[in-house]
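All remarks here apply to the structure that follows.
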Amino acid sequence: MKELNRKTAQVNTYPERVIQFGEGNFLRAFVDWIIYNMNEKANFNSSVVVVQPIEKGMVDMLNAQDNLYHVNLQGLDKGKVVNDLTLIDVISRSLNPYSQHAEFMKLAEQPEMRFVISNTTEAGISFDPSCKLDDAPASSYPGKLTQLLYHRFKTFNGDKTKGLIIFPCELIFLNGHKLKETIYQYIDLWNLGEEFKTWFEEACAVYATLVDRIVPGFPRKDIAEIKEKLQYDDNLVVQAEIFHLWVIEAPQEVANEFPADKAGLNVLFVPSEAPYHERKVTLLNGPHTVLSPVAFLSGINIVRDACQDSVVGKYINMVMFDELMETLNLPKDELQKFGEDVLERFNNPFVDHAVTSIMLNSFPKYETRDLPGLKTYLERKGKLPKGLVLGLAAIITYYKGGVRKDGAEIIPNDAPEIMSLLKDLWATGDTEKVAKGVLAAEFIWGEDLNKIPGLTDAIVADLNSIQEKGMLEIVKAII
């Protein structure tokens, strides 16, 4: 078996045009895989310099393999099982700015640099007022980026053709707006001057993005078999699902510079990220939140098995296509396609997604993912969506605890005040008190849900039916 490096593998070399803050599994299986495809299919002709955003990271491992690694895509593509391996050759080098600060700052001096991409976790886009301009480097990611931008501004004497296009991929809504805001805070804190602020405003652009791909990461279970198949000793293989979506809130001229669509990739340049954020939360996270307690209380433990079950599978379809989809405002065919893609993802034969892992903090999840849909459905149709109502009753029942018919323990997990409320309510043994008490909990919902016409009675009826007949029977009745 060969070592994996640029001597043993036939790979391409491209000009360095992208600075990437983050070296983790997600960026390597998503952004770098996308850039690989753009190089192959759309003549993007760019390589990536990886910058480790925190002091301890993986750049040494990457450099040991000359920044080469394989992406293992697994899943269903239009019903066909796919399990393939691709050698990604787009990272030219990886830097640790804590031990290679001069090299890091020199990235700003490379005239052909054009893009900055990041994924530094949700906590990464934050303002740390203790950061100083002459720190080597600033501790926060926005601080490091501001240092780099200011050095570029000075190096090229404010040349507006040397601005950078910045795509944050951190999983926060309007991540670009938050990053831009934080850079302004550093400009003010460090007194970098109006001239630099104007250059940043006019020459650079920070765009909000939404990213979507499940990346399980390093395939510990399959690595021996994968290495045997590759005949390379690759210690950085990263597994990911086939589905990918990158929504970028940017104009068409940016798409022309970053030609992902020409490479046949699911990368959308749109005027607003908001409807796509809402679509993902509603059609992916929304069904997940209600299918989990319904499936578990029906004796099903894995998301894929729930989708394939003759009864619960129909319930999932009903919630997704007949209820939640009716509450969104994007074109119907686009929503239909997204819903079908979500079902393929739920059915991934390579991922055993336990429904109990989705049950953590179910009440706050329902509040953000399903409650808006329930209200909009009632408003548009004049009646409550039965599937979403049952989903809430199932969560309330799951939080009663105890054991399932087959002896599996029911272990709810949520904020202490929610756990305490549910324990006290269920101790009364009165389903009407349980329903009214949960719906009245303004610290969960921000309002009293007993005021939603018909909801209290519907939840009481579902709670009683679940107690008397069992979950599977009530699901059969509503589908």
Looking at segment 165-204, which of its residues are among the hydrophobic types (A, V, I, L, M, F, W, C) and assigned to a loop (DSSP other than H, G, I, E, B)? Cys169, Leu171, Ile172, Phe173, Leu174, Trp190, Leu192, Cys204
Residue check, Asn96 assigned by TED's automatic domain parsing to the domain that holds His151, modelled with pLDDT of 95 or more and surrounded by fewer than 20 Cβ atoms within 10 Å (Cβ to Cβ): no
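Yes/no matrix, rows are residues, columns are (1) polar (S, T, N, Q); (2) in contact with a strand residue (DSSP E or B) (Cβ under 6 Å, 6 or more places away or on another chain); (3) under 27 Å from Ser46 (Cα atoms):
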| site | (1), (2), (3) |
| --- | --- |
| Leu107 | no, yes, yes |
| Ser118 | yes, yes, yes |
| Pro129 | no, no, no |
| Lys154 | no, no, yes |
| Gln185 | yes, no, no |
Single residue of Asn72, Asn45, Asn67, Asn63 found to be under 18 Å from Arg213 (Cα atoms) and not hydrophobic (A, V, I, L, M, F, W, C): Asn72
Return the total of residues in segment 80-101 being closer than 18 Å to Pro219 by Cα and of a type in the set (Asp, Glu). 1
Subset of segment 17-60 (residues that are assigned to a loop (DSSP other than H, G, I, E, B) and on the phi < 0 side of the Ramachandran plot): Glu23, Gly24, Phe30, Phe44, Ser46, Gln52, Pro53, Ile54, Glu55, Lys56, Gly57, Met58
Residue in segment 311-350 that is farthest from the chain's Cα centre (by Cα), counting only those that are under 16 Å from Leu268 (Cβ atoms) and among the charged types (D, E, K, R): Asp333
Of all residues being within 25 Å of the chain's Cα centre (by Cα) and in contact (Cβ under 8 Å) with a residue 24 or more places away in the chain in segment 124-139, which is nearest to Ile166 (Cα to Cα)? Just the residue, please. Ile125
Unique match (being under 30 Å from Ala9 (Cα atoms) and in a helix (DSSP H, G or I)) among Glu278, Glu323, Glu225, Glu253: Glu225
Enumeration of residues in segment 61-75 that are part of a loop (DSSP other than H, G, I, E, B) and in contact (Cβ under 8 Å) with a residue 40 or more places away in the chain: Gln65, Asp66, Leu68
Residue list for segment 354-371, restricted to those being β-branched (Val, Ile, Thr) and surrounded by 15 or more Cβ atoms within 10 Å (Cβ to Cβ): Val355, Thr356, Ile358
State all residues of segment 239-266 that are within 16 Å of Met38 (Cβ to Cβ), surrounded by 21 or more Cβ atoms within 10 Å (Cβ to Cβ) and of a type in the set (A, V, I, L, M); if no residue qualifies, say none. Ile248, Ala250, Ala260
Enumeration of residues in segment 357-407 that are in contact with a helix residue (DSSP H, G or I) (Cβ under 8 Å, 6 or more places away or on another chain), within 19 Å of His277 (Cα to Cα) and of a type outside the set (A, V, I, L, M, F, W, C): Pro364, Lys365, Tyr366, Glu367, Thr368, Arg369, Asp370, Pro372, Gly373, Thr376, Tyr377
Taking segment 76-90 and keeping only residues that are part of a strand (DSSP E or B) and either over 28 Å from Cys307 (Cβ atoms) or not assigned by TED's automatic domain parsing to the domain that holds Pro219 (or both), one is left with Leu87, Ile88
Inspect segment 141-164 for any residue being assigned to a loop (DSSP other than H, G, I, E, B) and surrounded by 22 or more Cβ atoms within 10 Å (Cβ to Cβ) and give the result as yes or no. no
When segment 8-62 is checked residue by residue, the ones that are in contact with a helix residue (DSSP H, G or I) (Cβ under 8 Å, 6 or more places away or on another chain), of a type outside the set (D, E, K, R) and surrounded by fewer than 19 Cβ atoms within 10 Å (Cβ to Cβ) are Asn12, Tyr14, Ala42, Asn45
Take the residues in segment 461-471 that are buried (at least 19 other Cβ atoms within 10 Å of the Cβ) and among the aliphatic types (A, V, I, L, M), then tell me which one is nearest to Ser298 (Cα to Cα). Met471
Apart from one, (1) among the hydrophobic types (A, V, I, L, M, F, W, C); (2) touching a residue at least 40 places away in the same chain (Cβ under 8 Å); (3) in contact with a helix residue (DSSP H, G or I) (Cβ under 6 Å, 6 or more places away or on another chain) all hold for Trp246; the odd one out is (3)
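The values are calculated or read from the model by the stated rules, or taken from the named source; none is laboratory data. Please read these numbers as outputs of a predicted model, since none were measured by experiment. A quick note on method: Cβ atoms are made from the backbone with ideal geometry, for glycine too, and the neighbour counts reach across all protein chains shown.
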